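Input: a single structure, listed below in structure tokens.
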Amino acid sequence: MPRKFSTVDKKEWLEKYESGKSEASIASGTRCDIRTIRRGIEEARRERDAQAARVEVLKHAVLKHQERLLQKLEEILSALALPAYDWAVLSWYQTGASILTEANLDVEDPLKDEDGDDLKGPGVRADVAEDMVDYMLKQHLRGDKLWKLIARRERAYASHRSARLALQCKVVKLLEARTGCDLEARGDAQPPSLCSYTAGELCYRIVLGRAFGEYTNDSWQDEIVVDMSGDHVVYRNSILAHVPGKAGEFRENLVNAFREAQVTVEVTRVQNTYEDLATATLGARRAIEEVKQLGLVPGACNVCRRLGM
């Protein structure tokens, strides 16, 4: 019966051959037929090459897996942004989720867009949908403080969003109460009319501009004037209101409404919740940056286990 040689034997033959020994010398030392040695060396070489290829494939798979995880972290980091000072939860126009169509809105209720989906601003869930990579990332970082910090940031974001919505509603009520006109979506509405997308938006922006230091004086009120026809109150080139014969009086009431809106409790709440949001956002961003500094995401997931890691 022909002798059988193990994989270890064939590997030793290959090592001897590559170190300079001839096939004949190896055959003589092992008392084997040279054809057996030649065949064993070739088998050992193929097995070594196959093993190297498997290692390379595994290495590539692990690198791609880590790249996806790090990219997901980068997406979450990018989504952890603070809103612009004049960010409005609802549009001042008629279409979409509009302040005009949400007159009876409870500011604590979730808003819906035109498709009936929850309306969200610049928050994590708005920009980064939970997918398989997100699921794998959570497996890798199971129990990590990062998730608590992100959850804290989401709560702070929800409170700030609610505060901004309440301020928008307050602006609407003040403008309508002080001018005696309802906000209208179109500038061609029957007079007397107050334009939502100019007057409402401008008041909201000025109020928040003063609160966040974007406006350092009251020069804005000098730019709210009555036009040459005497029928319109305008700001720069935008019509704020169409009030034939009463534009002068209306302008004063409008400016007073703008001033009153600046000192409401709703503005204070926007400022306070913004500070909370900024602090929570910074904490969550730092936690993500800590992981990114490693150059890889520690831990393991189901994919890692399938790769034998």
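Since every read-out is calculated from the coordinates, none of them should be taken as a lab result. Because the structure is a prediction, the values reported are computed rather than measured. We place every Cβ from the backbone using ideal geometry, glycine too, and count neighbours over all the protein chains shown.
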*So which trypsin sites (Lys or Arg not before Pro) in region 17-97 pass both tests, a DSSP loop state and at most 16 other Cβ atoms within 10 Å of the Cβ?*
21, 31
*Using Cα centres only, tell me the gap between region 1-68 and region 245-309 in whole Å.*
61
*Which whole-number percentage describes the relative contact order of region 80-306, with Cα contacts under 8 Å and a sequence gap of 6 or more?*
26
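Give me the percent relative contact order of region 1-105, please, defined on Cα pairs under 8 angstrom at least 6 residues apart.
17
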*Charges only on Cβ, +1 for Lys and Arg, -1 for Asp and Glu: so what's the dipole of region 1-64 about the Cα centre, in debye to the nearest 20?*
140
*Once amide H atoms are placed 1.01 Å from N in the peptide plane, what residues at a sequence separation of 5 or more from residue 195, or on another chain, have their amide H within under 5 Å of its amide H?*
184, 241, 242
_FRET E, pair residue 237, residue 98, Förster distance 25 Å, beta-carbon r, rounded to 0.05_ = 0.60
*Report the label-to-label distance for residue 190 and residue 223 in nanometres (one decimal), using points 7 Å from each Cα along the Cα→Cβ vector.*
3.4
_Counting DSSP beta bridges with both ends in the chain, the antiparallel % (nearest 5)_ = 75
*Selection from 194, 242, 271 lying farthest towards where the dipole of region 170-303 points positive, charges on Cβ*: 271
*Spread of Cα-to-Cα distances over 10 Å intervals beginning at zero, given as percent, for the chain*: 5, 19, 18, 14, 11, 9, 6, 5, 5, 4, 2, 0
*Mind checking region 152-213 for trypsin sites (Lys or Arg not before Pro) that DSSP puts in a loop (not H, G, I, E or B) and that have at most 12 other Cβ atoms within 10 Å?*
186
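Taking all pairs of different Cα atoms in region 140-276, averaging 1/r and flipping that mean, what Kirkwood radius in angstroms comes out?
16.4
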_region 7-56: C-alpha pair distances exceeding 17 Å, %_ = 30
*So between residue 45 and residue 286, what do we pick up on full extension, going 0.36 nm a residue minus the alpha carbon distance?*
81.8 nm
*Starting at the first residue of region 291-297, write each ³J(HN,Hα) from the Karplus equation 6.51 cos²θ - 1.76 cosθ + 1.60 with θ = phi - 60°, in whole Hz, x for Gly and Pro.*
5, 4, 5, 5, x, 7, 9
*Does anyone have the angle between helix 34-79 and the longest principal axis of the chain? Alpha-carbon axes, 0 to 90°, nearest 10?*
10
*Ordering of 224-233, 280-289 by burial proxy (mean other Cβ atoms within 10 Å per residue, highest first)*: 280-289, 224-233
*For the pair residue 302 and residue 53, what calculated FRET efficiency results from E = 1/(1 + (r/R0)^6), where r is the Cβ-Cβ distance and R0 = 25 Å, to the nearest 0.05?*
0.50
*For region 162-238, state which GluC sites (Glu not before Pro) are in a DSSP loop and have at most 13 other beta carbons lying within 10 Å of their beta carbon.*
214
*asked:* Test of understanding: what is the full-extension gain from residue 278 to residue 62, defined as 0.36 nm times their sequence separation minus their Cα-Cα distance?
replied: 74.2 nm
*Residue (of 209, 177, 261) at the positive-pole extreme of the chain, dipole from beta-carbon charges*: 209
_Under the rule of at least 5 residues apart or a separate chain, name every residue whose amide H is placed under 5 Å from the amide H of residue 98._
91
*In nm, spacing of pseudo-spin labels at residue 81 and residue 294 (7 Å Cα→C-beta vector)*: 2.8
